[in-house]
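*Asks:* Here it is, the structure in full.
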Amino acid sequence: MLDKKFDPSEVESRHYETWEKSGHFACDPESNAAPFAVMMPPPNVTGSLHMGHALNCTLHDVLVRWRRMRGQDTLWQPGLDHAGIATQMVVERQLDGEGVHRRDLGREEFVKRVWQWKEESGGTIVGQQKRMGSTPDWERSRFTMDEGLSKAVKKVFVTLYREGLIYKDKRLVNWDPKLQTSISDLEVEQIEQKGHMWHVAYEVEGEEARTITVATTRPETMLGDTAIAVHPEDERYTDLIGKMAVLPIVGRLIPIVADEYADPEQGSGAVKITPAHDFNDFEVGKRHDLPMINIFDERARINENAPQEYQGLDRFEARKKILAELEEQEILVKVDKIKHSVPYDEKSKSVIIEPYLTDQWYVDTPTLAKPALEAVRTGKTTFHPKQYENMYFQWMENQLPWCISRQLWWGHQIPAWYDTEGNIYVAASEEEALAEAKDKLGRVDVELTQDPDVLDTWFSSALWPFSTLGWPEKTKELDKYYPGQVLITGFDIITFWVSRMMMMGIHFMGDVPFKDVYIHALVRDSKGQKMSKSKGNVIDPLELIEQYGTDALRFCLCAMAGQGRDVRLSEDRVAGYRNFATKLWNAARFCEMNEALPDAKFDPASAQYALNRWIITQVVETREVIDTALESYRFNDAANAIYQFVWGTFCDWYLEFTKPVLAGDDEGMIKETRQTTGWVLDQILILLNPFMPFITEELYAAIAPRVAGELLLGHDWPEYGDELKAPDSAKEIAQIVDIIGEIRSIRSDMNVPVSAKITLMLEGASADQQDKVAQYRSVISQMARLEKVEFLKKGSEVPKGAIKTVLGEMTLILPIADLIDLDQERARLKKEISKLEKDIAEISKKLGNEKFVSNAPKEVVEEQKSRQAQSQNTKEKLAQALEQLDAA
RNA sequence: GGGCGGUUAGCUCAGCGGUAGAGCACUUGCUCGACACGCAAGGGGUCACUGGUUCAAUCCCAGUACCGCCCACCA
């Protein structure tokens, strides 16, 4: 017996282990079943699951469970990402708490600490994924720094290097002076803030009377100025081109050069050029062969290339000192207050990023991007929703070389070694590098040191679709599961990850890594704010789960996963789906009480009664909607379809219909109705299982037992034959539903007490309709609270003051004059009539339009005509009823 | 500056050429033997604005306004 009260947390506490042990999570490369492979975006080992993970997890799991039930050989590849910078920061913060710096530990010890953290955090994440009910192939779980993946990383690096697609170069990078590493362009966030524009007058050498004024928001960089640029056609300055300006404070002579980069419209039209500290200036510097003077050390303190009194100062202290000095010299000619964007590191948003001149490793992404672009253009990979392809195109078309080296300790150390003479050896191992070096140098006593830098985290992530399948070995898994079917991720990851997997996949596997890319929404709070720890509006999925259950959360996330939108998560909504689960629970209890449980001997095709044929039809149609929706990743449509069916159709109508049937004495009908009810419940559990795995599995085990221990997890998705569809029965029941609805509506409008049982008189019903109504008399009576049903011949005497309403050809007459206020009834009729008149007028106008009648499709015109006739008919009958009422 | 979205019921959002939909919220009744996390019946919308295409436009096209996002730039 099912408990009276449904307790999600209790139910959900007891299924997962059984599922895991059942072996259904595992893929089977040996099987002949068609593969369905998806790669889990590996969560960072930086902590715990957030709502975005919960959404991603849910969508994956729904698809995977559904495909698995449909008999496909599913591989949901799980794993974790080492998340270089993020993880290193977490561990450094922990050390901070202990008053220790990573330098105190040394690289080896520090990395050990990070591994410890990884074990801990990784375990937490996996536990949370299990709590979400996820069913990936855990046995195959990978970590981006495990041995196999590290091997793949080295192989890719070495190969690309030998192909000339990875190289070392000295250029400006975005530098994080706190972490002391380069960071990705994508990890820099421009934040608008108030600042100053300082205008400084530089003397021109040999022109005592003249100065040239430049403006800057970062005066400290002037210590590294190596030129002033003016526009070649700017008449104010043409005579100065080629002359030298005197760099204040430093005293260095710097040339005044002509370059179109200088915009005559902006500021004074003259711009200071600091090639080592500004991306644009760097380009100008290259064009004019200017010296590049780096004035910062790796912590952005002034270095030995600047005057003595500035050396060692932090960049912002230096700024103050310079401004004071400029003021003193009276060459700070103007200060404007402005708003401008300042580059911050995206994660902490607290450190200002500095363009910094260093040696780094680069991937030639402009070259690799070409085939990756082509693959999406030609449709080998398709984005859903499609418009995200634009974002992909824009990003891929404007590729700059990808800086992949990071000055960190946590990550894949770059497989490059240096000898003492400045030669580089890129190889899969130190042995190989050494052999190469000996060969090159022609001697044996060679000492090599490995490049201390590590690779950008996304480098190993880019290989995920094939490295996890065993590449570079040739494996069965690679054969079968590459390319995968779909990648499911958020739009913010297109640039970081999707694009790079496309490039690497195509380059190394010769094929795209996935056929579809489903971009899901970002989870926001109920006010539409992005959830963030600093805003304090983070909703922890686990808290929701504790309160409402995993099933409710999963269902909610699906129902809100409309394409191309943000998901605004509100607790009310989750509560609503918990209610849905409770509803299902109670419906199952009802079935149990009435011995209406799944019966393996029952063949739905054998159902005779319209009532049962109707609900079976609805099941078939619901399955079709779910399938169609999931095939095109419309999770919300699928969820709504099953919700609507379970609550709106099965519970609200079908189960109510069965009550009088089961209480009646038609043995044949009782038996079939019980069997049908059981069958429908069974189908509901199956169809709902991918969305709400826990409650469905619980109910299945409790009330639908057949083979002991059988799990919905491994159940087949239903296939229904067309013979199950009974459109006639559907029409028949729809009519009964209409009659009940109409009576209920009138009762409510007229304030007829629920307890009052009334009589229904039907006029104008065809013989067939009379038949049906008679057959469903008990159902109609119970649901509409009737005492009896009578059929009237046309023109029969109707009790005075009876209420009339029209349903097609039938007129429903309710003789309840003594129960109601007749004025109220008059008002009701008048309102109905005027509504109909408006309707008729509208249609008549349409039909009176010659162009409409001749141009619109025939069936549309016909439809309008029949609507007109119908409304006209109803209106007349109601008008008549009104007259009679007035006469009474 | 370049690009992409959005604007539909009080709220959150579906729909996308032929009578405006859902959930929540709201109102009114209901201890009718599954369920008050419930049942039943309701109220509520010139589908942002202006033009155009069409027999017909919430839906297609153009423009306007506001909102959001991505990319780039900022002397």
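The values are calculated or read from the model by the stated rules, or taken from the named source; none is laboratory data. Please read all numbers here as calculations on a predicted model, not as lab measurements. Because the Cβ atoms are built from the backbone with ideal geometry, glycine has one as well, and the counts that use them run over all protein chains shown. Keep in mind that these areas ignore ligands, DNA and RNA; they rest on the heavy atoms of the full protein, side chains included. Shrake-Rupley method; radii C 1.70, N 1.55, O 1.52, S 1.80 Å.
*Asks:* Residue separation times 0.36 nm, minus the C-alpha to C-alpha distance between A:Ala209 and A:Glu397: what's the value? Working shown, then result.
*Replies:* Working: separation 188, 0.36 × 188 = 67.68 nm, distance 4.94 nm.
Full extension from A:Ala209 to A:Glu397 adds 62.7 nm.
*Asks:* Sticking with this one: Return the sequence-ordered ³J(HN,Hα) values of segment A:465-476 in whole Hz as given by the Karplus equation 6.51 cos²θ - 1.76 cosθ + 1.60 applied to θ = phi - 60°, using x for Gly and Pro.
*Replies:* Values per residue, Gly and Pro as x: x, 10, 5, 5, 9, x, 3, x, 5, 8, 10, 4 Hz.
*Asks:* If a paramagnetic tag sat 7 Å from the Cα of A:Asp749 along the Cα-Cβ line, which residues of segment A:823-840 would have the backbone N under 14 Å from that point?
*Replies:* Zone members listed by number: A:823-837.
*Asks:* Then there is this: I'd like the trypsin sites (Lys or Arg not before Pro) in segment A:50-126 restricted to DSSP loop residues with at most 10 other Cβ atoms within 10 Å, sorted by number.
*Replies:* Qualifying residues, ordered by number: none.
*Asks:* Report, to the nearest whole %, how much of the accessible area of segment A:63-194 belongs to carbon and sulfur atoms, 1.4 Å probe, protein only.
*Replies:* On the way: 2560 of 5610 Å².
Carbon and sulfur: 46 percent of the exposed surface of segment A:63-194.
*Asks:* Near A:Lys438, which lysines are there with a Cα under 19 Å away, not counting those fewer than 8 places off in the same chain?
*Replies:* Cα-Cα hits under 19 Å: none found.
*Asks:* Residues with amide H under 5 Å of A:Tyr202's amide H, sequence separation 5 or more or different chain, H placed in the peptide plane at 1.01 Å from N; which?
*Replies:* A:Ile212, A:Thr213, A:Val214
*Asks:* Right, another one. Ignoring ligands, DNA and RNA, what percent of the accessible area of segment A:559-681 is carbon or sulfur (1.4 Å)?
*Replies:* Numbers: 2030 of 4840 Å².
Percent of accessible area from carbon and sulfur atoms in segment A:559-681: 42.
*Asks:* Write out the GluC sites (Glu not before Pro) in segment A:696-769 meeting two conditions: DSSP loop, and at most 14 other Cβ atoms within 10 Å of their Cβ.
*Replies:* A:Glu710, A:Glu719
*Asks:* Under 13 Å from a point placed 7 Å out from the Cα of A:Asn32 along the Cα-to-Cβ direction: which residues of segment A:61-80 have their backbone N that close?
*Replies:* none
*Asks:* Going toward the positive end of the dipole of segment A:166-302, with +1 on Lys and Arg Cβ and -1 on Asp and Glu Cβ, which of A:Asn294, A:Val230, A:Gly206 do you reach last?
*Replies:* In segment A:166-302, that residue is A:Asn294.
*Asks:* Once amide H atoms are placed 1.01 Å from N in the peptide plane, what residues at a sequence separation of 5 or more from A:Ala227, or on another chain, have their amide H within under 5 Å of its amide H?
*Replies:* A:Ile273
*Asks:* What distance in nm lies between label points placed 7 Å from Cα along the C-beta direction at A:Glu233 and A:Leu186?
*Replies:* 4.0
*Asks:* If you don't mind, another one. Are there any GluC sites (Glu not before Pro) in segment A:332-435 that are in a DSSP loop and have at most 11 other Cβ atoms within 10 Å? List them by number.
*Replies:* Numbers: sites: A:Glu346, A:Glu374, A:Glu389, A:Glu397, A:Glu421, A:Glu430, A:Glu431, A:Glu432; in loops: A:Glu346, A:Glu421.
When the GluC sites (Glu not before Pro) of segment A:332-435 are filtered for loop state and at most 11 Cβ neighbours within 10 Å, A:Glu421 remain.
*Asks:* I would also like to ask the following. At a 1.4 Å probe radius, carbon and sulfur cover how many percent of the accessible area of segment A:781-878?
*Replies:* Working: 2940 of 6010 Å².
Carbon with sulfur: 49 percent of the solvent-accessible area.
*Asks:* So, one more: Can you spot the lysines whose alpha carbon is less than 16 Å from A:Lys583's alpha carbon? Ignore those fewer than 8 places along the same chain.
*Replies:* In chain and number order, the partners are A:Lys4, A:Lys5.
*Asks:* Short version: ³J(HN,Hα) in whole Hz for each residue of segment A:355-361, in order, from phi by Karplus 6.51 cos²θ - 1.76 cosθ + 1.60 (θ = phi - 60°), x for Gly and Pro, what are they?
*Replies:* x, 9, 8, 8, 7, 9, 8
*Asks:* How many nm separate the modelled label positions at A:Val707 and A:Arg777, each set 7 Å beyond the Cα in the direction of the Cβ?
*Replies:* 4.8
*Asks:* Provide the per residue accessible area, probe 1.4 Å, for chain A, rounded to a whole number of square angstrom.
*Replies:* Dividing the accessible area of chain A by its residue count gives 45 Å².
*Asks:* Same structure again: Put a dot 7 Å past each Cα toward the Cβ at A:Ser606 and A:Ala827; how far apart are the dots in nm?
*Replies:* Computed distance between label sites A:Ala827 and A:Ser606 equals 5.6 nm.
*Asks:* While we're looking at this one, here's another question. Straight-line reach from A:Lys474: which lysines have Cα under 28 Å away, leaving out those fewer than 8 places along the same chain?
*Replies:* In chain and number order, the partners are A:Lys151, A:Lys154, A:Lys155, A:Lys370, A:Lys380, A:Lys515.
*Asks:* Per-residue HN-Hα couplings for segment A:549-562, Karplus 6.51 cos²θ - 1.76 cosθ + 1.60 at θ = phi - 60°, whole Hz, x for Gly and Pro?
*Replies:* Karplus-based 3J(HN,Hα) across segment A:549-562 equals x, 4, 4, 5, 5, 4, 5, 4, 4, 5, 5, 9, 7, x Hz.
*Asks:* Can I ask one more? Name the residue farthest towards the positive end of the dipole of chain A from the options A:His412, A:Val111, A:Gly84, assuming +1 on Cβ of Lys and Arg, -1 on Cβ of Asp and Glu, about the Cα centre.
*Replies:* So the residue we want is A:Gly84.
*Asks:* Let me ask you something else. Checking the a/c ratio against 1.5 first, then a/b against b/c, what shape does the Cα gyration tensor give for segment A:696-755? Let's see the in-between values first.
*Replies:* Working: a/c = 5.13, a/b = 1.92, b/c = 2.67.
Because a/c hits 1.5 or more and a/b fails to exceed b/c, segment A:696-755 counts as oblate.
*Asks:* Would you mind checking which residues have amide H under 5 Å from A:Val806's amide H? H placed 1.01 Å from N; only 5 or more apart, or other chain.
*Replies:* HN-HN under 5 Å from A:Val806: A:Leu812.
*Asks:* Any idea which of A:His53, A:Ala596, A:Ala318 is furthest toward the positive side of the dipole for chain A, if Lys and Arg beta-carbons carry +1 and Asp and Glu beta-carbons -1?
*Replies:* Checked the options; the winner is A:Ala596.
*Asks:* Going down the list A:Lys243/A:Lys321; A:Lys168/A:Lys286; A:Lys112/A:Lys480, which pairs span over 25 Å between their C-alpha atoms?
*Replies:* On the way: A:Lys243/A:Lys321 28 Å; A:Lys168/A:Lys286 18 Å; A:Lys112/A:Lys480 36 Å.
In this structure, A:Lys243/A:Lys321; A:Lys112/A:Lys480 lie more than 25 Å apart at Cα.
*Asks:* Next question. Note the full-extension length gain between A:Glu327 and A:Glu374 as 0.36 nm times their separation in residues minus their Cα-Cα distance, in nm to one decimal.
*Replies:* Numbers: separation 47, 0.36 × 47 = 16.92 nm, distance 5.67 nm.
Full extension of this stretch gives 11.3 nm more.
*Asks:* Find how much the distance from A:Ser866 to A:Gln266 grows on full extension, using 0.36 nm per residue of separation minus their present alpha carbon separation; answer in nm with one decimal.
*Replies:* Numbers: separation 600, 0.36 × 600 = 216.00 nm, distance 7.09 nm.
So the chain would gain 208.9 nm between A:Ser866 and A:Gln266.
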